[in-house]
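The values are calculated or read from the model by the stated rules, or taken from the named source; none is laboratory data. Predicted model only: the values in this text are computed from it and were never measured. Methodologically, a virtual Cβ is constructed for each residue, glycine included, from the backbone with ideal geometry; neighbour enumeration extends over all protein chains shown. Surface areas here come from the heavy atoms of the whole protein model, side chains and all, with no ligands, DNA or RNA. Shrake-Rupley method; radii C 1.70, N 1.55, O 1.52, S 1.80 Å.
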Amino acid sequence: MADPRGFLTYEREDNPKRPIEVRRTDWHEIYAPVTDPDVEAETRRQAARCMDCGIPFCHSGSAGCPLGNLIPEWNDFVRLGEWGRASERLHATNNFPEFTGALCPAPCQEACVLSITSQPGSVAIKRVEWSIAEIAWRDGHVAPQPATEASGKRVAVVGSGPAGLAAAQQLTRAGHEVTVYERDDRLGGLMRYGIPEFKFEKWELDRRLEQMRAEGTRFVVNCEVGGEGAAALPVERLRAEYDAVVLAVGSLAGRDDRTIEGRDLEGIHLAMEYLTPANHECEGDGPSPINARGKNVVVIGGGDTGADCYGTATRQGAIGVHQLDQYPAPPVIRDPATSPWPAWPYVFRTPPALEEGGERLFATAVRRFVGDERGHVRSVELATVEVRKGADGSREVVPTSEEVHEVPADLVLFSIGFTGPDDMALIPGLGIERTKKNTIGCGSDWQTDAPGVFVCGDAHRGASLIVWAIAEGRSAAAAVDTYLSPDARTDLPAPVHPGALPLSSAGASAS
């Protein structure tokens with residue numbers, strides 16, 4: 001740490017955003033390019049705020065980054081303007097830092113020692129990470145890393161989201177012949193068709209896929225593994241042709257609530273029924289059948305996916321957008337009694353999409369959907385509610401008033417979470433039973449009940465953060481490499497254990 005007063009000299013500053021009136025009219029990323037000279041200079045000053053702590057909680061697996069990113073090290077390289085060395089240290093622990101730099105909510109920042117108090121505030125680690133990644137691409141520091149020796153072993157990775165891609169890249173670099181199977185027409189999983197373009201432009205994903213192809217990873221799209229038909233890969237062939245299988249199929253089954261009166265009206269959809277075709281349209285596949293233009297939109301759910309729906313509706317030209325959250329508005333400042341450092345703080349946050357217009361309603365839930373004479377939703381009746389714990393420990397949503405508030409709604413989007421992997425023939429076809437949480441369980445070696453079949457990412461953990469998906473993909477790859485090695489050894493890193501959980505506190509959430 002060359003400047004022990006850096007955190008006092010410079011203020012915490014996140015990436016600058018493009019003006020609201022500009023960004024809400026297009027699908028480009030909301031942030032100004034991190035490679036602009038002025039932005040780059042400010043990022044270097046931000047990195048100089050790092051204290052190089054004796055115990056750096058930022059890369060603690062339980063409180064900060066599960067990948068174990070060497071944050072103080074690359075902060076110092078950035079401070080010195082040594083972007084190439086910063087890239088080397090960042091890529092040593094993270095296969096896809098441009099993914100996490102854009103999409104991770106950054107538990108590392110909240111675990112920063114400077115985050116103990118609200119001022120001066122933590123280092124803007126997310127900003128520094130994203131800048132390192134983008135400048136590395138600009139300056140040619142990212143290159144294919146093909147294996148020097150082939151193992152002769154074949155591995156199938158099912159699913160091309162961040163967990164599957166991380167596992168595939170690690171195993172390819174270890175010398176195995178890896179094929180990634182994707183049931184969609186393009187690669188990337190939720191990064192491709194779940195995350196809107198304004199949060200992550202897909203050319204950034206495509207350039208990383210090209211690196212992986214150059215390293216030797218093979219990709220197959222439009223293939224339902226375990227399914228039937230000419231384009232499918234039956235379980236029998238999967239087991240016969242590969243020495244190991246990695247399941248990275250995600251957690252895409254959306255949670256619904258069919259108990260609400262009027263739920264079957266037209267114009268009410270799950271979030272992914274809306275986001276997926278909207279992203280297809282951005283890919284040039286033609287107009288989405290579900291469009292918010294000229295409509296009043298109600299988004300049910302206060303998480304990241306709800307914000308994605310919100311920003312998408314705004315860009316499509318919605319008249320107005322309301323987002324509903326059953327919980328009360330969180331406090332503006334961390335309460336140490338219920339949300340102590342270094343746990344993820346339960347505090348009020350405003351995603352960039354929600355800065356662009358519309359309204360958020362807290363402690364509010366839908367009482368019923370009201371339809372028109374055509375059977376299409378036209379409004380929602382709302383009630384103020386309180387979330388309580390029932391006698392059996394279950395969550396109960398209880399009205400706190402008889403008063404009902406009605407808002408117009410031509411399009412309603414459920415964004416209340418995910419319940420596990422989709423129903424697919426592959427899982428029972430492999431003889432795997434789901435856990436009580438509807439996920440795919442595994443042992444301490446990431447191996448499922450089916451010998452030689454491993455699991456990682458949201459399929460194992462449930463819907464979680466992209467940084468946990470990459471960490472699990474890397475760890476599962478190490479387990480597969482050990483399984484395939486003649487001496488049961490591996491040089492691949494395994495940053496997390498299957499049972500690892502982030503440090504939590506009452507009311508805290510990392511979603």
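Quick one: which of 349, 374 is more than 21 Å from residue 295 (Cα to Cα) and in a loop (DSSP other than H, G, I, E, B)?
When all the criteria are applied, what remains is 349.
Considering every residue within the stretch 429-437, establish whether at least one is part of a helix (DSSP H, G or I) and open to solvent by 30 Å² or more (accessible area, probe 1.4 Å).
For the stretch 429-437, residues part of a helix (DSSP H, G or I) and open to solvent by 30 Å² or more (accessible area, probe 1.4 Å): present.
Taking residue 90, is it of a type outside the set (Ser, Thr, Tyr), open to solvent by 30 Å² or more (accessible area, probe 1.4 Å), under 21 Å from the mean Cα position of the chain (by Cα) and within 29 Å of residue 469 (Cα to Cα)?
The answer is no for residue 90.
Here are the criteria: (1) closer than 22 Å to residue 341 by Cα; (2) without any contact (Cβ under 8 Å) to a residue 40 or more places away in the chain. Tell me which single one residue 120 does not satisfy.
(2)
Considering each residue of the stretch 343-355, count those that are crowded, with 17+ Cβ neighbours inside 10 Å and of a type in the set (Asp, Glu), and give that number.
The number of residues fulfilling the criteria is 0.
All but one of (1) in contact with a Phe, Trp or Tyr (Cβ under 9 Å, 6 or more places away or on another chain); (2) more than 30 Å from residue 41 (Cα to Cα); (3) open to solvent by less than 10 Å² (accessible area, probe 1.4 Å); (4) assigned to a loop (DSSP other than H, G, I, E, B) hold for residue 166, so report the exception by its number.
(4)
Are there any strands (runs of 3 or more DSSP E) wholly within the stretch 207-295 with 2 or more residues that are within 30 Å of residue 134 (Cα to Cα) and in contact (Cβ under 8 Å) with a residue 12 or more places away in the chain, and if so which?
So the answer is 218-220, 244-247.
Exactly one of (1) open to solvent by 50 Å² or more (accessible area, probe 1.4 Å); (2) part of a helix (DSSP H, G or I) is unmet by residue 497. Its number?
(2)
Which is of a type in the set (A, V, I, L, M), open to solvent by less than 40 Å² (accessible area, probe 1.4 Å) and part of a loop (DSSP other than H, G, I, E, B), of 180, 142, 128?
Exactly one residue qualifies, and that residue is 142.
Residue-by-condition table, conditions (1) touching a Cys at 6+ places or on another chain (Cβ under 8 Å); (2) under 22 Å from residue 106 (Cα atoms); (3) open to solvent by 10 Å² or more (accessible area, probe 1.4 Å):
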residue: 341; (1), (2), (3): no, yes, yes
residue: 357; (1), (2), (3): no, no, yes
residue: 366; (1), (2), (3): no, no, yes
residue: 373; (1), (2), (3): no, no, yes
residue: 380; (1), (2), (3): no, no, no
residue: 385; (1), (2), (3): no, no, yes
residue: 389; (1), (2), (3): no, no, yes
residue: 395; (1), (2), (3): no, no, yes
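Check the stretch 294-311 and report whether any residue there is touching a Pro at 6+ places or on another chain (Cβ under 7 Å), at pLDDT 95 or above, among the aliphatic types (A, V, I, L, M) and crowded, with 17+ Cβ neighbours inside 10 Å.
yes
Go through the residues of the stretch 74-82 one by one and say whether even a single one is within 17 Å of residue 134 (Cβ to Cβ) and aromatic (Phe, Trp, Tyr).
Taking every residue of the stretch 74-82 in turn, at least one turns out to be within 17 Å of residue 134 (Cβ to Cβ) and aromatic (Phe, Trp, Tyr).
State yes or no: is residue 100 closer than 22 Å to residue 170 by Cβ, polar (S, T, N, Q), within 19 Å of the chain's Cα centre (by Cα) and open to solvent by 10 Å² or more (accessible area, probe 1.4 Å)?
no
Considering 4, 72, 16, which residue is open to solvent by 30 Å² or more (accessible area, probe 1.4 Å) and in contact with a helix residue (DSSP H, G or I) (Cβ under 8 Å, 6 or more places away or on another chain)?
Among 4, 72, 16, only 16 is open to solvent by 30 Å² or more (accessible area, probe 1.4 Å) and in contact with a helix residue (DSSP H, G or I) (Cβ under 8 Å, 6 or more places away or on another chain).
Among (1) over 30 Å from residue 228 (Cα atoms); (2) open to solvent by less than 50 Å² (accessible area, probe 1.4 Å); (3) not in a loop (DSSP other than H, G, I, E, B), there is one condition residue 476 misses while meeting the rest; what is its number?
(1)
Within the stretch 401-418, how many residues are within 19 Å of residue 259 (Cβ to Cβ) and open to solvent by 50 Å² or more (accessible area, probe 1.4 Å)?
The total comes to 2.
Does any residue in the stretch 23-46 that is of a type in the set (Lys, Arg) come within less than 7 Å, Cβ to Cβ, of a residue that is part of a helix (DSSP H, G or I) six or more places away or on a different chain, and which pairs are these?
Close Cβ pairs satisfying both conditions: 24/314; 24/315; 44/78; 44/79.
If you go through the stretch 35-92, how many residues are charged (D, E, K, R) and under 17 Å from residue 9 (Cβ atoms)?
Selection size over the stretch 35-92: 7.
Which pairs have Cβ atoms under 8 Å, sit 6 or more apart or on different chains, and link a residue in the stretch 104-117 that is more than 12 Å from residue 50 (Cβ to Cβ) to one that is at pLDDT 95 or above and β-branched (Val, Ile, Thr)?
Listed by first residue and then by second, the contacts come to 104/466; 104/467; 106/125; 107/467.
Among the residues that make up the stretch 250-265, is at least one of them more than 27 Å from residue 352 (Cβ to Cβ) and under 23 Å from the mean Cα position of the chain (by Cα)?
Scanning the stretch 250-265, I find at least one residue that is more than 27 Å from residue 352 (Cβ to Cβ) and under 23 Å from the mean Cα position of the chain (by Cα), so the answer is yes.
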